[in-house]
1. Just for the stretch 431-474: of the residues that are of a type in the set (A, V, I, L, M, F, W, C) and under 18 Å from Ile371 (Cα atoms), which one is surrounded by the fewest Cβ atoms within 10 Å (Cβ to Cβ)?
2. Taking Lys502 as the residue in question, decide whether it is within 30 Å of Asn587 (Cβ to Cβ) and modelled with pLDDT of 90 or more.
3. Condition check: surrounded by fewer than 17 Cβ atoms within 10 Å (Cβ to Cβ), modelled with pLDDT of 90 or more and over 19 Å from Gly159 (Cα atoms). Does Lys61 satisfy that?
4. Within the stretch 563-594, take every residue that is β-branched (Val, Ile, Thr) and closer than 11 Å to Pro532 by Cβ and give me the one that is farthest from the chain's Cα centre (by Cα).
5. Go through (1) over 28 Å from Phe239 (Cα atoms); (2) assigned by TED's automatic domain parsing to the domain that holds Tyr290; (3) buried (at least 19 other Cβ atoms within 10 Å of the Cβ) for Ser394 and report which single condition fails.
6. Could you check, for the stretch 417-434, whether at least one of its residues is outside any helix (DSSP H, G or I), assigned by TED's automatic domain parsing to the domain that holds Tyr448, polar (S, T, N, Q) and modelled with pLDDT of 95 or more?
7. How about the stretch 529-540: which of its residues are in contact (Cβ under 8 Å) with a residue 24 or more places away in the chain and not aliphatic (A, V, I, L, M)?
8. Restricting the first residue to the stretch 246-261 and requiring it to be touching a residue at least 12 places away in the same chain (Cβ under 8 Å) and under 21 Å from Ser358 (Cβ atoms), which pairs with a second residue that is of a type in the set (D, E, K, R) and in a strand (DSSP E or B) meet a Cβ separation below 9 Å and a spacing of at least six or different chains?
Amino acid sequence: MGELHKTKYEFKAETKKLLDILVHSLYTSREIFLRELISNASDALDKIRFELNKGTEVENKDLPLEIRINFDDKKNIVTVSDTGIGMSRDEMIANIGTIAKSGSEEFLKQLAENKETANNIIGRFGIGFYSVFMVAKEVIIRSKSFKKDEPAVEWRSDGLGDYDISDLDEKIDRGTTIEIHLKDDAKEFADKYRLQGIIKKHSNFISFPIYLEKEKVNTIAAIWREPKSSIKKEQYDEFYKFLTYDSEEPLEVIHTSVDAPIQFNALLFIPKKSYDFWRFNRDDYGLDLYVKRVLIQHQNKDLLPEYLSFVKGVVDSEDLPLNISRETLQENIIFTKIANSVTTNVLSHLQKVAKDNSERYSDFWKEHGRIFKLGYMDFVNAEKYQQLLRFNSSFNKDEKELTSLEDYIGRMKKDQKEIYFAVGSSREAITLNPHLEIFKAKGLEVLYLYDPVDEFVISSIRKFKDYEFKSVDSADLKVIEKFEDVETETNSFEKLSKDDEKHFDSLLAKMKDILGDKVTEVKESKRLKGSPATLLNADDSMSSTMQKILKMTNKDISIPNQKRVMEINKDHSLIRNLLEIFKKNSNDQFIIDTTEQLYESAILLEGNLDDPHKLVSRLNRMLTEASKFYVKLNKEGF
């Protein structure tokens, strides 16, 4: 091979220092050298395509635009070739021989502060090519410019201190070939499967074909950069399965292209099934972040808030610098705008599904609603979030039906100012809640909250539009009583005489003495219609659900006794019978047993009875006594 006009050049001081660090200090992600070279090759191809589209006269204008990677595992050589714009001698010196002083100094400064991030910021300061010296003992670049009168040139260096540039007297095709002579400890990179794995991991969606020893590697197209109108459902499904390894097609596809004020493309998917398993494997989420088709970060966790972590997909930016670091991403204004826009797009898409296809949205909610509800702290998107919430309610015919907050307020009674809710483990459990009895009688709809996180959601957002949320056990009875009854109350009990009213008050006082500090008060109930008794929380005390959650999350936690009020329904058979017993003997054991049984039964309904042994033992004793009485009556002929 003939050489003309050979010149030796010294690397500048900061470049020498940089190369020394790259050669001797960085080994953790050496494979990124190939990503950087492929990215540079792709840029060169983009530039020649631009010139061709302009109609510029170029060298070898019919050459296919492609990248080829070859290797020789005997000589330990890897070559990366492109048919791009190529370089002249002056461009070779400008592009390869020097780096911007300010850029290199900033890079070295950041490197000194945190050496572990070095592999994540290579390329950010225009030094991507130099990463090749992490694996190379010598690098030879041969390049032919697209300009016909420019001679081909060769660049050669061992990366230690200087480099040679020569004109070549032989004819080569337009473009650039980088020949990498691998170090002894980098022989792994002269292996087909190692190279193939690196390309698929980092450069799979480069728009130009990448050949590894004549075999095309990047076979999946970057369809997120194509117009939506040109992509078929089958292409979306194929890409989704490639991306997620899911055997099913996605439930929803969100394909977005934004041009202003920032330019990015996003292709997002909502899976049919949730793979979260409630907080297990929580790090396995995030969107893949690309810059101009080059993968910058797998599973970036800052593009979407965690409550949208069920979303899979890719985001590709035109405006972010290549290989921006994780730390810098979080401070980057462009990245923040992209993240905000992606979040808005997902929420807007869900709103459209909810409006246009309630059954499909119901499918989404049943799979992903539990994670979505964790968005109660997203104050920026609070309105959209609240509109997307779904609950079961007393209006629904079964536990499968869902109600939005918008649906609820559309069915509110005239002058109703609050959204009522009840908490329980199931629809059956909530239906048995005595607090609901007056709401049923008044025809007031009640949201049913089954998930422990629901109460956090409600207490955090506090109101929807102008309507505050109110638990059925803390609702103001005076407000509820103003609404007309929709169910006609059939009360078969005669009104108590003045004398019996006094005895009833004495019975309530007796019950308070029996329960002691367990309750702050025992009083007559105005809300109960079919149950004998219930427990209420004082306004400033912790709800029963919150108590249960605290106990579940920390078994050793000591929860102080909450202020409870016990309400008694005087128009219930059990209470009327209790009153008759009390009138004959105010200290009868049956009154003590029944009072404690009513209290513990109320606690049991809430799911907060820690030790049921006393309740069961007492119940068995009372049943035994009742059975004796029943047998005696039968013997006497009653």
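1. Among those that are of a type in the set (A, V, I, L, M, F, W, C) and under 18 Å from Ile371 (Cα atoms), it is Val453.
2. yes
3. Taking the combined requirement at face value, the residue satisfies it.
4. Here the residue is Ile575.
5. That leaves (2) as the condition not met.
6. Scanning the stretch 417-434 turns up no residue that is outside any helix (DSSP H, G or I), assigned by TED's automatic domain parsing to the domain that holds Tyr448, polar (S, T, N, Q) and modelled with pLDDT of 95 or more.
7. Of everything in the stretch 529-540, those that are in contact (Cβ under 8 Å) with a residue 24 or more places away in the chain and not aliphatic (A, V, I, L, M) turn out to be Lys529, Gly530, Ser531, Pro532, Thr534, Asn537, Asp539.
8. Pro250/Lys312
The values are calculated or read from the model by the stated rules, or taken from the named source; none is laboratory data. Predicted, not measured: the structure shown is a model, and the values here were computed from it. Glycine gets a Cβ as well: all are built from the backbone with ideal geometry, and neighbour counts include every protein chain shown.
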